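Novice: The structure follows.
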Amino acid sequence: KQWYQRRVRGVQQSFTFNDTYRLEFGLVQHKGGPCGILAAVQALVIKHLMDHYSGNLSPNNAVRQQVLTKVLASILWQAANYKGGSKYAYVCYDSGRSKFHSSLLYRNDGITEKLQFSRCSTLTATENCVEEFLPQFQSTMGKGCILFLYSLIMSRGVNAIRNDMDEPGSALMANHGYCSQELVNLCMMGYSAQNVFNNTIDLDGKVLKGIREPRDIGLLTLYEYYKVFEVGSYLKQASSGIWVVCSESHYSVLFSKKSGCSPHEVTD
């Protein structure tokens, strides 16, 4: 709720595609806040088009809906079934009516009190459920991102998300309502690690958790240049030639249609 209430109050974000010629594969972001989720989903959309549609980056609307359905479902299913997850994928949607009312402990926000969810025990069931409620995830200026975030949290499980992190006070929302690295990792990897180095690092008895295995889709960050983060080879050497890129307060995607290339080859 934070990016709705604080950062972009009254502005809504869904998974809507660009209709500009040769940019039909791209998701459109309206204002700051949910770029971390959008970039992770965008990277998987590009990979799916590369793998299953011969790299066609100008798909028609029917193909875009099919790809988005599979991508959103795969993210939820991965989070649910990675070690410690709930084992069930949850798909949250707007029921259209309030399930409870404001009280001393809760203030209606126009979203949470109307939520309902479906619990899915297979990937196919998750895809079918996402497809059923895809209009809500794609509604222009709708609530698709926040609905997906609720779905992701429930699929992973609150306790699992906390256990994935290094510090008890860590959060999925960073300052100013931006996505934290933990949230981006949850979308990309299925677990909310705080770091992007390989495996773990023992720092005077404190174990810091990183990325557990090589990934098809990688990540690069300007903060490594600033010597704030260390990005391990599991994310730098992305076999797909697709990277989510963090440039200070914004996430975007860098990719090449040539698989197996390095970030230097893409930028060159």
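The values are calculated or read from the model by the stated rules, or taken from the named source; none is laboratory data. Keep in mind that what you see is a predicted model, and the values were worked out from it rather than measured. Here Cβ is always computed from backbone atoms with ideal geometry, including for glycine, and neighbour counts include all displayed protein chains. Heavy atoms of the whole protein, side chains included, go into the accessibility calculation; ligands, DNA and RNA do not. Shrake-Rupley method; radii C 1.70, N 1.55, O 1.52, S 1.80 Å.
Novice: On average, how much area does the Cα convex hull of the chain cover when viewed from any direction, in nm²?
Specialist: Over every viewing direction, the Cα hull of the chain projects on average to 14.9 nm².
Novice: Below 14 angstrom from the Cβ of V63, what's the summed charge of the other residues (Lys, Arg +1; Asp, Glu -1)?
Specialist: On the way: positive: R64, K70; negative: D19, E24, D51, E131.
Around V63, the surrounding residues sum to -2.
Novice: To continue, here is another question. Starting from the Cα of A171, step 7 Å along the direction of its Cβ; do the same at Y225; then give the gap between the two resulting points in nm.
Specialist: Distance between label points: 2.9 nm.
Novice: Can you give the convex hull volume per residue for the Cα atoms of the stretch 87-140, as a whole number of Å³? Each step should come with its number before you reach the end.
Specialist: Values: hull volume 4.7 nm³, N = 54.
Roughly 86 Å³ of hull volume per residue.
Novice: Further question: Averaging over all projection directions, find the projected area of the Cα convex hull of the stretch 138-268 and quote it in nm² with one decimal place. Don't skip to the end; give the middle numbers.
Specialist: Details: hull surface 37.7 nm².
Mean projected area of the Cα convex hull: 9.4 nm².
Novice: Roughly speaking, what is the centre-to-centre gap between the stretch 8-87 and the stretch 92-117 when only Cα atoms are used, to the nearest Å?
Specialist: Between the Cα centres of the stretch 8-87 and the stretch 92-117 lies a distance of 26 Å.
Novice: Give the share of C-alpha pairs in each 5 angstrom bin for the stretch 54-194, from 0 to the last occupied bin, in whole percents, shortest bins first.
Specialist: P(r) over the stretch 54-194, rounded to whole percents: 2, 10, 17, 19, 20, 17, 10, 3, 1, 0, 0, 0.
Novice: By DSSP, what percent of the beta bridges with both residues in the chain are antiparallel, rounded to the nearest 5? Could you put the intermediate results ahead of the total?
Specialist: On the way: 18 of 24 bridges.
Expressed as a percentage, antiparallel bridges in the chain total about 75.
Novice: In whole Hz, what ³J(HN,Hα) sequence does the stretch 161-169 give by Karplus (6.51, -1.76, 1.60; θ = phi - 60°), x for Gly and Pro?
Specialist: Once θ is set to phi - 60°, the couplings for the stretch 161-169 become 4, 5, 5, 5, 7, 7, 10, x, x Hz.
Novice: How would you order 104-116, 147-159, 62-74, 87-99 from highest to lowest mean count of nearby Cβ atoms within 10 Å?
Specialist: Values: 104-116: 12.7, 147-159: 21.5, 62-74: 19.7, 87-99: 17.4.
Result, highest mean Cβ count within 10 Å first: 147-159, 62-74, 87-99, 104-116.
Novice: Here is a follow-up. Can you pull the one-decimal nm distance between simple spin-label points at Y53 and R97, each 7 Å off the Cα toward Cβ?
Specialist: Roughly 3.8 nm, to one decimal.
Novice: Follow-up. Counting only protein heavy atoms, what percent of the accessible surface of the stretch 128-268 is carbon or sulfur at a 1.4 Å probe?
Specialist: Numbers: 3460 of 6770 Å².
Here carbon and sulfur together make up 51 percent of the probe-accessible area.
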